[in-house]
Structures are given as structure tokens and as C-alpha cells.
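Written below as C-alpha cells is the structure these notes are about.
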Amino acid sequence: MNISVQEVQETPSASGYGKAVTPHDEAFKKLLHTFFAEFIELFFPELHKLLDYRQTRFLMQEQLVDIVGEEKRTLDLLLETKYKQSDAFILLHLEPQSFRQQDFHERMFIYFGRLFERHRKEHRLIIPIAIFTADDARNERNSLHMAIPGHEILHFQFLKVELRQSNWRRFVDSNNPVAAALLAKMGYNKGEEKEIRLSYLRMILQLRKKLDDARLALVMSIADLYFVPDPTEDEAMLRELTEQFPEERESIMELMPAWSRAGYEKGIEEGREKGILQGLEQGLEKGIKSERRNIARKLISKGFSPEEVADALDLPVDEINNLMN
């Protein structure tokens, strides 16, 4: 398979609240920090319409203490933005989760409770969102319910994104940088890997027109986490793209992500070597034919018949007759 996860999975602590920080985690957080509005628009379009991003600000990382006060946990992303309907500021808590955890829904409720306790006077609305990035994340529980007969005590439900449950084809025409960065992390069928790679490169060409170099580099660096080089396919895709967008050839070469560029350069080198070998073989073949003709002329001059010369040198009789003429 040409698409693979190159991330290091998070490891929960003994208590289930802590986790080891990995390069993938930091890159993912930076993506959400840089393209927060694009992330909401991509996965929660109805919520996107309700938010006024002009006054969005990310809050300092907060440490939340668990129920007994023995474990501290720093929230991944907490931001404040404007809610149009009430013209008030609200909080959004984004929590990427790259491994399966049985009590994760309870942990999200604890985070929500601590945030509500600390910010309820300034923010009456808190929206928690979990982003499940594990390959085996399917139908992750996102609610906590408590009730007695005839009476509901609690119903807590957070928003969620399960990347592997999101079909990649829904996002290829979105021109959204988050979609491009996470395309290979979304759901796809075996055999669609090449098509995903080609679609990703097309998206990068389009995004180049709207993003500065730094943000485009961020998108590509995160996509590189999920793609691995395939010299044969990468060279074929490059040819296909340059045929479709000949005016963008230099841009394609400049912007090709590391996995594609490495494969292409290797393919070019192999092609050069193949060309040299082919040239040597062709030259040798021509040299052999020329030498045979010289020998044939000498044998003819010594009085040998065309048939005898053709048989001795394994050449057609017609060619020997042409030499005689």
C-alpha cells in the first residue's frame, strides 16, 4: 500500500489522562491553530455559519486537574470566538485523539466540567470537539448519559470527527487546506491510493494560488506524514499533471512534496542509467553490423559466392547482394 501512517501513536499514562507528546501531535495542533476556521467549515458547516471569526483568539494552555487532584492535563487547543446568535464570546475545546481509549467520553466530560467551572461567568457556551485520528477509530462514543426512571439527570454529548469514517472523495473539490493536509488520513478503499495521491497534488496546485509559502509548507509537511514514496507511480503522476497543466510544470517541480519528489528524482536517475545502457547496446549492435559488412566485402573480393558469405556471417543474401552492387 502506498499510503501509510508515519505517526507515533500516543501512549496513555497509567491513570488514562496523560499522554506522550509526539511530532505528529504537535503538527496536527499547528494545523488546527493555523486553519481553525477552515477546519470548522470543512467538518461542521452548520456551526461555521454561526461563528464570527474576526475576533478569534487562542487562550493560553490550561492545566485541568482530575477529580481527586492527582493528575494534571494540559488541554490541546482552547480558543475564544464570537457566536453570532447571541453576539457573545464562546469557548471551543478541540481535542485530537490518536489512540483508542475506552473512557475517552468520560474524560471529555471531565474537561468540560472543569472548563465550565472556570469560565462559566464569561462564557455561557462551551463547544467540545474531538478529532479521532487513529486508523481503527470507528463509531467512537461521544456521549455520557445518566438517568433514573422518569427523570434524566445528565446528557452530555460532544462533537466529533472520525477521519477514517470521512470519505476522501467528498473533500477533493473543497479547495480547503485542511482537506489537503488530511486527505490520505481519510477513508478510502484498497486500490484508490494512486488516485488519492494525484488528487492531493491537484489540490496543492490550487492552494498555491491562495496560500502564502509558510502555510502551504505546513499543509504539505502534514500530508508528508501519511504518504510514502513510490518512484514508478510518482513519475507517472508527474507526467500526467504536466500534461494537464503544462504552464504549471515549474510549480509542480517546486511544490512536489518530499515523498513525490524523492520518487521522481529516483525515477529520473534510473531513466538516465537506462538510457546510457540502451545507447551502449545500440552502439555495439551497429558496430557489429558494420564489421560484418567489412568482412563480407573481403570475402566477396576473394571469390566467395553471396550464398557462402551469407551463411558464414549469418546475414541475409539480399544484403550481401547489395554490398556487391
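No value in this document is a laboratory result; all are computed from the given coordinates. Bear in mind the structure is a predicted one, so any value in this text is a computation, not a measurement. When we count neighbours, we look across all protein chains shown, and the Cβ atoms used for this are built from the backbone with ideal geometry, even at glycine.
Quick look at the numbers
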{"item": "Three-way shape label, the range 108-222, alpha-carbon gyration tensor, a/c 1.5", "result": "oblate"}
{"item": "Mean separation of Cα contacts under 8 Å, 6 or more apart, over the residue count of the range 89-154: relative contact order %", "result": "46"}
{"item": "Total charge dipole magnitude, the range 23-228, about the Cα centre, Cβ charges on Lys, Arg, Asp, Glu only, Debye to nearest 20", "result": "580"}
{"item": "Qualifying trypsin sites (Lys or Arg not before Pro) for the range 181-228 [loop in DSSP, other Cβ within 10 Å: at most 13]", "result": "Lys190, Lys209, Lys210"}
{"item": "Residue order, fewest to most beta carbons within 10 Å, for Tyr200, Tyr53, Tyr188", "result": "Tyr53, Tyr188, Tyr200"}
{"item": "Pairs from Lys30/Lys121; Lys82/Lys210; Lys185/Lys210; Lys30/Lys209; Lys121/Lys210; Lys160/Lys190 whose Cα-Cα separation, in the structure shown, is over 31 Å", "result": "Lys121/Lys210"}
{"item": "Peptide ranges 31-42, 140-151 listed from the most packed, as the mean C-beta count within 10 angstrom indicates", "result": "31-42, 140-151"}
